[in-house]
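Participant: First, the structure itself, so that you have it in front of you.
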Amino acid sequence: MKLRRARALVPIAVLAVAIGGLLVGGLTRNVVYFRTVSEAVDTRLDDGEDRLRVAGAVVPGSVRTAAGDVVFDLTDGQATVRVHHHGDPPELFDDGAPVVSEGRWTGTQFTSDRLMIKHGSEYEAPTVDAAAAGDDS
Amino acid sequence: MNVLVRRTIGLASLSSLSALAVLGLAVAPPDRVQGDAQRLMYLHVPAAWVAYVAFGVTSLASALYLWRRTRHARWDRIATASAELGVLFTALTIALGALWGRPVLGVWWAWDARLVTTLVLLFLYVGYLALRNVPGSREVRARRSAIAALVAFVDVPVVHFSVVWWRTLHQQPTVLNPELNPQIEGVMATTLLVGVVAFTALYVSLLTSRYELARAEDDAQVGALDDAVARRRAAGIHTLTEVGA
């Protein structure tokens with residue numbers, strides 16, 4: 001009876017450790033999942049070599065691709081930072097897209113190895129292209 | 001439960017799920033930004049909704065079991081059945097979220113507050129189900145689990161408000177946002193509503209079936225005890241512990 005009880009408690013113990021780990025890990029560093037560009041710029045010297053995430057919008061017209069890398073400017077309306085991303089950007093990456101970039105500072109530029117799109121909460125049907133819908137007259 | 005009622009609920013879920021398939025795949029327009037990948041919302045959001053409802057039902061049933069005036073085995077059965085469904089729909093929510101997140105957000109997963117607390121929710125109720133199997137009398141196990149279910153439910157509002165309280169990659173609520181201003185309209189909103197209704201009907205249908213199964217299991221156990229007693233009486237033994245000659 002005691003062995004049965006002990007064996008039944010093992011999955012619970014494992015789950016308890018997992019839950020504890022998730023709460024500690026997930027709700028300490030990742031509670032603030034990203035910093036805005038202004039915040040990141042302010043803490044750049046303190047961050048040093050640490051990994052961090054910066055979020056902003058892609059400045060239209062700033063995107064350059066070269067040899068598997070993407071270089072673009074990220075802004076939050078107040079501060080702007082140049083980002084070097086190694087690899088392909090995600091599907092919805094475009095001018096003006098809301099992007100979360102994960103990486104670290106290299107001088108005053110940001111070196112990124114992961115780009116995420118921070119999708120908002122609106123859902124809309126595609127707009128009809130007025131010119132295409134109208135008559136040619 | 002009445003067979004007619006069960007059949008009606010089953011039929012309702014089947015028809016509303018079919019309507020959802022048609023609306024979600026063909027009638028609703030693709031999203032302006034996300035395109036067709038956004039159609040996963042019509043599964044992901046209803047699944048999350050059902051998970052909340054299922055754990056809510058588990059908590060209510062647990063409370064009813066714990067309160068002496070309403071204590072009855074049926075609440076314990078409902079609590080378990082609903083928790084199983086809650087775990088199923090939480091896992092489904094996470095899987096659908098990953099499928100949707102990959103093309104739209106760029107990642108399968110992120111350790112942000114919403115996703116972490118949802119994973120915690122899954123583990124909490126899997127723990128609840130594991131706790132039910134720790135040896136003990138029927139009443140002890142039921143009472144123990146009921147308390148565990150109520151404690152675990154604390155995570156549900158945390159999951160829902162995580163995107164509002166903390167900075168997350170996951171979006172803020174589209175419908176149940178703090179401003180109570182839904183940012184979805186037209187056919188998309190209707191389809192989402194049909195999805196919520198369809199998944200709720202499915203949940204009710206599965207819950208009743210699972211409950212009937214639990215009751216049949218309990219009856220079988222009681223029946224087995226009655227049979228054992230009858231056999232011993234027939235063999236001339238009138239106590240439960242005496243060994244036959």
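Just so you know, all these numbers are worked out from the coordinates, no wet-lab data involved. Bear in mind the structure is a predicted one, so any value in this text is a computation, not a measurement. Every residue, glycine as well, gets a Cβ built from its backbone with ideal geometry; the counts of neighbours run over all protein chains shown.
Participant: Using the alpha-carbon atoms, what tilt in degrees (0 to 90, nearest 10) does helix B:113-131 show relative to the longest principal axis of chain B?
Facilitator: 10
Participant: Considering chain B as a Gaussian network with a 10 Å cut-off on Cα pairs, which listed residue, B:Glu217, B:Glu179, B:Glu84, attains the greatest mean-square fluctuation?
Facilitator: Among B:Glu217, B:Glu179, B:Glu84, the largest GNM mean-square fluctuation belongs to B:Glu179.
Participant: Kirkwood hydrodynamic radius, the range B:94-140, all distinct C-alpha pairs: what's the number in Å? Spell out each step's value before the answer.
Facilitator: Working: mean 1/r = 0.0784 Å⁻¹.
Answer for the range B:94-140: a Kirkwood hydrodynamic radius of 12.7 Å.
Participant: Mean-square fluctuation check for chain B, GNM, Cα pairs under 10 Å: which of B:Ala216, B:Ala91, B:Ala48 is largest?
Facilitator: Result for chain B, Cα springs under 10 Å: B:Ala216 fluctuates most.
Participant: Also, I was wondering about something else. Tilt of helix A:2-26 relative to the longest C-alpha principal axis of chain A, in degrees (0 to 90, nearest 10)?
Facilitator: 30
Participant: With the Cα gyration tensor of the range B:1-155 giving a ≥ b ≥ c as the square roots of its eigenvalues, does the rule (a/c under 1.5 for rounded; else a/b larger than b/c for prolate; else oblate) give rounded, prolate or oblate? Mind showing how you got there, number by number?
Facilitator: On the way: a/c = 3.36, a/b = 1.56, b/c = 2.16.
Oblate, since a/c reaches 1.5 and b/c is not below a/b.
Participant: Okay, next question. Would you please classify the overall shape of chain A from the alpha carbon gyration tensor, given that a ≥ b ≥ c denote the square roots of the eigenvalues, rounded means a/c under 1.5, and beyond that prolate means a/b larger than b/c while oblate covers the rest? Please list the in-between numbers first.
Facilitator: On the way: a/c = 2.99, a/b = 1.63, b/c = 1.83.
Because a/c hits 1.5 or more and a/b fails to exceed b/c, chain A counts as oblate.
Participant: Set the Förster distance to 30 Å, then compute FRET efficiency between A:Arg51 and A:Val71 from the Cβ-Cβ distance, nearest 0.05.
Facilitator: Details: r = 20 Å, r/R0 = 0.65.
Computed FRET efficiency for A:Arg51 and A:Val71 comes out at 0.95.
Participant: For the protein assembly as shown, what number results from the quotient of the Cα radius of gyration and 2.2 N^0.38 Å? Don't jump to the answer; show the numbers that get you there.
Facilitator: Details: Rg = 26.8 Å, N = 382, 2.2 N^0.38 = 21.1 Å.
Rounded to two decimals, the normalised Rg is 1.27.
Participant: Starting at the first residue of the range B:4-10, write each ³J(HN,Hα) from the Karplus equation 6.51 cos²θ - 1.76 cosθ + 1.60 with θ = phi - 60°, in whole Hz, x for Gly and Pro.
Facilitator: Result, rounded to whole Hz: 4, 5, 4, 5, 5, 5, x.
Participant: For chain B, what is the mean residue ellipticity at 222 nm derived from helices alone (per DSSP H run of n ≥ 4: -39500 (n - 2.57); sum divided by total residues; nearest 500 deg cm²/dmol)? Write out the running numbers ahead of the final one.
Facilitator: Working: 7 runs with 172 residues, N = 245.
The helix-only estimate for chain B comes to -25000 deg cm²/dmol at 222 nm.
Participant: Shielding by partners for B:105-116, please: the mean number of other protein chain Cβ atoms within 10 Å of each residue's Cβ.
Facilitator: Values: counts 9, 14, 7, 0, 0, 8, 7, 9, 6, 2, 4, 7.
That works out to 6 on average.
Participant: Give me the base-10 log of I(q)/I(0) for the range B:55-129 at each q in 0.14 Å⁻¹, Debye formula, one uniform scatterer per Cα, rounded to two decimals.
Facilitator: -0.54
Participant: What is the distance, in nm, between label points placed 7 Å from the Cα along the Cα-to-Cβ direction at B:Arg68 and at B:Ile147?
Facilitator: 1.6
Participant: Give the angle, between 0 and 90 degrees and rounded to the nearest 10, that separates the Cα long axis of helix B:186-234 from the longest principal axis of the Cα atoms of chain B.
Facilitator: Approximately 10 degrees, to the nearest ten.
Participant: Follow-up question, since we're still on this one. Normalised by the number of residues in chain B, what is the relative contact order in percent for Cα pairs under 8 Å and 6+ residues apart? Mind dumping the intermediate values first?
Facilitator: Details: 260 pairs, mean separation 72.0, N = 245.
29 percent.
Participant: Under a crude label model (7 Å from the Cα following the beta-carbon direction), how far is B:Glu139 from A:Gln109 in nanometres?
Facilitator: Computed distance between label sites B:Glu139 and A:Gln109 equals 7.4 nm.
Participant: What percent do you get for the relative contact order of the range A:42-84 when only Cα pairs under 8 Å and 6+ apart count? Let's see the in-between values first.
Facilitator: Details: 44 pairs, mean separation 12.0, N = 43.
Once divided by the residue count of the range A:42-84, the mean separation gives 28 percent.
Participant: A follow-up question, please. Contact order normalised by length for chain A, with contacts defined as Cα pairs under 8 Å and 6 or more residues apart; what percent is it? Before the final figure, lay out the partial values.
Facilitator: Details: 193 pairs, mean separation 25.3, N = 137.
Taking the mean separation of contacting Cα pairs over the length of chain A, I get 18 percent.
Participant: Going by a ≥ b ≥ c, the root eigenvalues of the Cα gyration tensor, does the range B:1-62 fall in the rounded group (a/c under 1.5), the prolate group (a/b larger than b/c) or the oblate group? Walk me through the intermediate numbers first.
Facilitator: Working: a/c = 6.18, a/b = 1.54, b/c = 4.00.
Oblate.
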